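Notes follow the structure.
Nothing in this text is a laboratory measurement; each read-out follows from the coordinates by a stated rule. Bear in mind that the values here come from a model prediction, so they are computed numbers and not experimental data. All Cβ positions, glycine included, derive from the backbone under ideal geometry; neighbour counts span all protein chains shown.
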Amino acid sequence: MRPTTRRRPARRFPALLLAATGLLLTLGTAGLAAPPAFTPVAAQVSAVAEDVAQIAGVRASAAEDINPAAQAVDGDLSTRWSGPLPAWLELDLGTRRHIHGVDVAWFRGDERALTFSVATSVDGVSFSERRAGTSSGTTATFERYDLPTPVDARYVRLSVTGNTQAPWASVSEVRVRVPAGPVEQGDLRAMVLAYRDGLPGENSHAFVDGPAQQVDAVVGAVRQARAGRLGEARATLTPLGYQLIEYLDQPTGRPYLVLREQVPCQRCWGLLVMRRDAYRDAVVEVPHPLHDLRTPEFGLDALRRLDATAFLMAGAHRYANGDGSLVSDMARNDHSLFQRLHQDLTTASTHVLQYHGFAARTGYPQVVLSNGSAAPQPELARVADALRARGMTAGVFDGSNYPDLGATQNPQGRHTRAIGGRFYHMEHVRAIRDDPALRGAAVDAVAGVLFPGSLRE
Ligand SMILES: [Ca+2]
């Protein structure tokens, strides 16, 4: 046992005294004991395959003799730990893990509601509360409690302060959810741009159009991943050549999930970055990462500055399958994985930001905005104003001007309009795309209109 863990009982003693004193009045002292050292727990077979952490040790603030702490992690829903309120149960994972949340099966959880909180610690001494709540009162099997943001920690403490039926904390089973696969850390931007550099180019004929059931399978796996079922998602994705990576972006500290096709790609359907704890309802799309130079950089600027929910990038050159190909063009193909993920990631409240590039020409401003129809949403005119205020020229497609940049055939725009959402098709000249300061100013113009107020950097 590490010295730090031995210090814990002393620190907890006043709280325990208070709890025990209160209980003397009502329950007597039978079954109460001082907080023990961790009870070692044998390796759990159930933790091998799925997203569940091995538990190396367990202890509690107190426990009934017949319902010791170890029975909360014995894999048996018919046994339990019970301790007088207020009570806590601590799990030692044996090593630091990337923790998504906890699942708790409350004893008689379908009859009563328990008030609880979840805290984590790297050293077993200093704990930080990660979430608090009340159980549903509708199930005696596992109820899932995600942490708002995954955290790295070795110790997990479940504290219980209320019970609608009895002054006891009673837990049939508790488990800690962790990734089944690896966690990567680094610079998300650099990772995505390096990935872009490996995409197949024009006339490579690398893009594979379907089959639909494989597209369906990836879409379904992404749904599972977004629900936190990473192990199930990976079981589907791995045979299809896709990796599902938990990615911690070190420059921002933000946690992402990345769906990334292996290199060299087999289908070349692209890459998806999803924020683990959605912050702003914006989805950034880059359908032409090789053809429209610097649009991946532009989209990544927007992802970071807006703290957007997702970043979706095509996996091949627009004309990978031949000049003028509509199949390999994600802004034309209406049944691609790109389109299907777009549909899953967006709702009527989502701002869809799609980054494009065009060659500067007479009679055109530096930025042309469109929602793909002759009836642009009001925000587009306000974004144009904000761009002008930052020294750029900008115009909005109205059905007749800049007709080749109106994006009226764009399937992401069609879908977004059909569900009542807002689509921002943004064409920029090269001078803006190539200049980090101008890209930043253009993203700020969008951010100021869509998400006025404080923006996190
Ligand atoms: Ca049990």
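Tell me, how many Å apart are the Cα centres for segment 243-315 and for segment 208-237? Going from one Cα centre to the other spans 17 Å.
A Förster radius of 30 Å, combined with the Cβ-Cβ distance separating Val263 from Ala389, puts the computed FRET efficiency at roughly 0.15. Over all other residues within a Cβ to Cβ distance under 13 Å of Leu85, the charged ones net out to 0, with Lys and Arg as +1 and Asp and Glu as -1.
With the simple spin-label model, which puts each label point 7 Å out from Cα in the Cβ direction, the Asp216 to Glu111 separation comes to 4.5 nm. Taking Lys and Arg as +1 and Asp and Glu as -1, the other residues whose beta-carbon sits under 12 Å from that of Tyr364 total -1. Seen from Arg388, the other residues with C-beta closer than 14 Å to its C-beta sum to a net charge of 0, counting Lys and Arg as +1 and Asp and Glu as -1. The relative contact order of segment 188-250, computed from alpha carbon pairs under 8 Å that lie at least 6 residues apart in sequence, is 30 percent. The mean sequence distance of close C-alpha pairs (under 8 Å, at least 6 residues apart), as a share of the length of the chain, puts its relative contact order at 11 percent. Note on Gln343 and Leu77: with the Förster distance fixed at 45 Å, the Cβ-Cβ geometry gives a FRET efficiency of about 0.70. Label 7 Å along Cα→Cβ of Ala140; segment 165-197 residues with amide nitrogen under 16 Å? The answer is 165-166, 170-174, whose backbone nitrogens lie closer than 16 Å to the label point.
The calculated FRET efficiency for the pair Asp65 and Arg223, based on their C-beta separation and a Förster distance of 41 Å, comes to about 0.35. Once the mean of 1/r is taken over each pair of separate Cα atoms and inverted, the chain shows a Kirkwood hydrodynamic radius of 24.5 Å. Of the complete DSSP H runs in the chain, those spanning 27 angstrom or more by Cα along the long axis with a mean Kyte-Doolittle score not below -0.5 are 3-26.
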